[in-house]
1. Nearest 10 degrees is fine. How inclined is helix 7-20 to the longest principal axis of the chain, computing both from alpha carbons?
2. Please give me, ordered by residue number, the GluC sites (Glu not before Pro) of segment 1-36 that lie in loop per DSSP and have at most 11 other Cβ atoms within 10 Å.
3. Work out the charge dipole of the chain with +1 on the Cβ of Lys and Arg and -1 on the Cβ of Asp and Glu about the Cα centre, then indicate which of Val63, Met1, Ala31 is farthest towards its positive end.
4. Ser45: accessible area at probe 1.4 Å, nearest 10 Å²?
5. Just to verify a number: FRET efficiency for Arg87 and Gln38, C-beta to C-beta distance, R0 = 25 Å, to 0.05?
6. Return a single number: how many Lys pairs in the chain, at a sequence separation of 8 or more or on separate chains, have alpha-carbon atoms below 28 angstrom apart.
7. Search the structure for amide H atoms under 5 Å from the amide H of Val47, placed 1.01 Å from N in the peptide plane, and list their residues when 5 or more places away or on another chain.
8. With each run of n ≥ 4 DSSP H residues scored as -39500 (n - 2.57), what mean residue ellipticity at 222 nm is computed for the chain after dividing by its residue count and rounding to the nearest 500 deg cm²/dmol?
Amino acid sequence: MSEYIEREKLIDQLLPLADASAKLHDGIMTAIFQVKNQPAADVPSVVHGHWEVFAPWGSKKTVICSECGNYSPLAGEYAYCPNCGARMDKEENDNV
Ligand SMILES: [Zn+2]
């Protein structure tokens, strides 16, 4: 299974190491150059959502997807929205 990393976050972690060591500076800067010149993978971004409690018509409790509004009595059992694919790991107050 392929794994992906964020280029800028890696570079942000490598730069202080290059600055901290004269011995390692050139090697780390070469690594940063290589990281910057790698082609980007075509990876779709992950949508994060959460289940919101919803009780229409006074009937039994159900949940709706915070991202697409899909509702289902069983949807809250899923880690992903079966309609839009949002990953249900976002807290209600997250601003991400
Ligand atoms: Zn959804």
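The values are calculated or read from the model by the stated rules, or taken from the named source; none is laboratory data. Everything quoted here is computed from the prediction, not taken from an experiment. Using ideal geometry, Cβ is built from the backbone for each residue, glycine included, and neighbour counts are taken over all protein chains shown. For accessibility, only protein heavy atoms count, side chains too; no ligands or nucleic acids. Shrake-Rupley method; radii C 1.70, N 1.55, O 1.52, S 1.80 Å.
1. Helix 7-20 and the main axis of the chain meet at about 40 degrees.
2. Sparse-neighbourhood loop GluC sites (Glu not before Pro): Glu3, Glu6.
3. Of Val63, Met1, Ala31, it is Val63.
4. 100
5. Step by step, r from the Cβ atoms, then E = 0.45.
6. Taking the chain as the scope, the lysine pair count is 6.
7. Arg87
8. That comes out to -10000 deg cm²/dmol.
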